[in-house]
Amino acid sequence: MSNKVLIIKTGNTIPSLRAENEDFEDWFIRGTGLDSNRFVCCAVDKGESLPVIDDVAAAIVTGSPAHVTDLAPWNEIAAVYLRLLHEQQKPILGVCYGHQLLAWAFGGVVGFHPKGREIGTIDVELTREAASDLLFDKMPKKFSAQASHQQSVLSLPDEAVLLAKNSFDAHHAFRLGSSTWGVQFHPEFSAHVMSTYISERRDDITREGLNVEELLARVEATPVSASLLQHFSELIKNVQ
């Protein structure tokens, strides 16, 4: 058995951040605090083959500029693989697109949020169930997080446990079984990354009626949200 942590990459970050030689996997690796040699990255959206299940101890599923409702063929490939990981109770953390992909893979409904885009530093509130959750039990009931999404989990899978929400999105985090989690917010985003996303999407955001300058002014560091990756690393540190 391997202790490798698989990063299932479902797309790339925005061009201005890629120009800084940074992408999703870099932020996740840094955020967990685990040795980079422990990770293997697979760009499933580019047709890269996912590793043998026995060679993976845990998985992180990244965000993406794509939409789950595009129903790209690699969505189903990734979904089948995630269901196998889940059956073997290997820890999984899906973020943003990864959160939505997990929900979709297990029978939830994903689509464009009726209120439009959620972007910037936001407030998140945990549910009562989060207090006994292995990943969220050390988190305060309310905290700030970074978010950037147009689609959301509109309906959770039947067996999902809701862990976090806010006034915009009713399903900001959920758990399936004992070791599969989806989070809509971005624990891997720094304030710099968040501000860059807002700035690069300025035209679209303005056209949608959001105030870019107000969004930028509200951006702040979100260390509590970021700590979720450290909590996940503690769960998987000794997994073989």
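The values are calculated or read from the model by the stated rules, or taken from the named source; none is laboratory data. Since the structure is predicted, the reported quantities are computational estimates derived from the model, not experimental observations. All Cβ positions, glycine included, derive from the backbone under ideal geometry; neighbour counts span all protein chains shown. Please note that ligands, DNA and RNA were not included when accessible areas were found on the heavy atoms of the full protein model with its side chains. Shrake-Rupley method; radii C 1.70, N 1.55, O 1.52, S 1.80 Å.
Couple of notes before you dig in:
- Some residue of the stretch 66-81 being under 14 Å from the mean Cα position of the chain (by Cα), open to solvent by 10 Å² or more (accessible area, probe 1.4 Å) and of a type outside the set (Ser, Thr, Tyr): yes
- Qualifying residue in the stretch 220-233 (condition: open to solvent by 30 Å² or more (accessible area, probe 1.4 Å), in contact with a strand residue (DSSP E or B) (Cβ under 7 Å, 6 or more places away or on another chain) and either farther than 18 Å from Leu93 by Cα or acidic (Asp, Glu) (or both)): yes
- Looking only at the stretch 210-231, residues that are farther than 17 Å from Pro140 by Cβ and touching a residue at least 12 places away in the same chain (Cβ under 8 Å) come to 6 in all.
- Ala131 within 17 Å of Ala164 (Cβ to Cβ) and assigned to a helix (DSSP H, G or I): yes
- Per the conditions (1) of a type in the set (A, V, I, L, M); (2) more than 21 Å from Trp104 (Cβ to Cβ); (3) crowded, with 24+ Cβ neighbours inside 10 Å, the sole criterion not satisfied by Ile198 is (3).
- Filter result (farther than 11 Å from Arg117 by Cα and open to solvent by 60 Å² or more (accessible area, probe 1.4 Å)) within the stretch 207-219: Arg207, Asn211, Glu213, Glu214, Ala217, Arg218
- Subset of the stretch 134-161 (residues that are more than 14 Å from the chain's Cα centre (by Cα), assigned to a strand (DSSP E or B) and within 25 Å of His192 (Cα to Cα)): Lys142, Phe143, Ser144
- Test for Ser179: is it more than 19 Å from Cys96 (Cβ to Cβ) and either in contact with a Phe, Trp or Tyr (Cβ under 7 Å, 6 or more places away or on another chain) or in contact (Cβ under 8 Å) with a residue 24 or more places away in the chain (or both): yes
- Set Gly47, Gly120: member being open to solvent by 30 Å² or more (accessible area, probe 1.4 Å) and either under 28 Å from Leu154 (Cβ atoms) or not aliphatic (A, V, I, L, M) (or both): Gly47
- Ala164 satisfies every condition listed in (1) crowded, with 22+ Cβ neighbours inside 10 Å; (2) not in a strand (DSSP E or B) except (2).
- Just one of the listed residues (Gly63, Gly116, Gly107) is part of a loop (DSSP other than H, G, I, E, B) and touching a Phe, Trp or Tyr at 6+ places or on another chain (Cβ under 7 Å), and it is Gly63.
- Restricting attention to the stretch 12-33 and to residues that are of a type in the set (Gly, Ala, Ser) and closer than 16 Å to Leu93 by Cα, the residue that is surrounded by the fewest Cβ atoms within 10 Å (Cβ to Cβ) turns out to be Gly33.
- Residues of the stretch 127-142 classified as open to solvent by 10 Å² or more (accessible area, probe 1.4 Å), over 18 Å from Ser152 (Cβ atoms) and not basic (Lys, Arg), total: 7
- Pairs are defined by a Cβ separation below 7 Å, a sequence spacing of at least 6 or placement on different chains, a first member in the stretch 60-82 that is of a type outside the set (D, E, K, R), and a second member that is part of a helix (DSSP H, G or I) and open to solvent by 60 Å² or more (accessible area, probe 1.4 Å); the pairs so defined are Val68/Trp104; Ala79/Trp104.
- Tally, over the stretch 181-240, of residues that are of a type in the set (A, V, I, L, M) and part of a loop (DSSP other than H, G, I, E, B): 4
- Every residue from the stretch 12-59 that is closer than 19 Å to Asn75 by Cβ and of a type in the set (Gly, Ala, Ser): Ala43, Gly47, Ser49, Ala59
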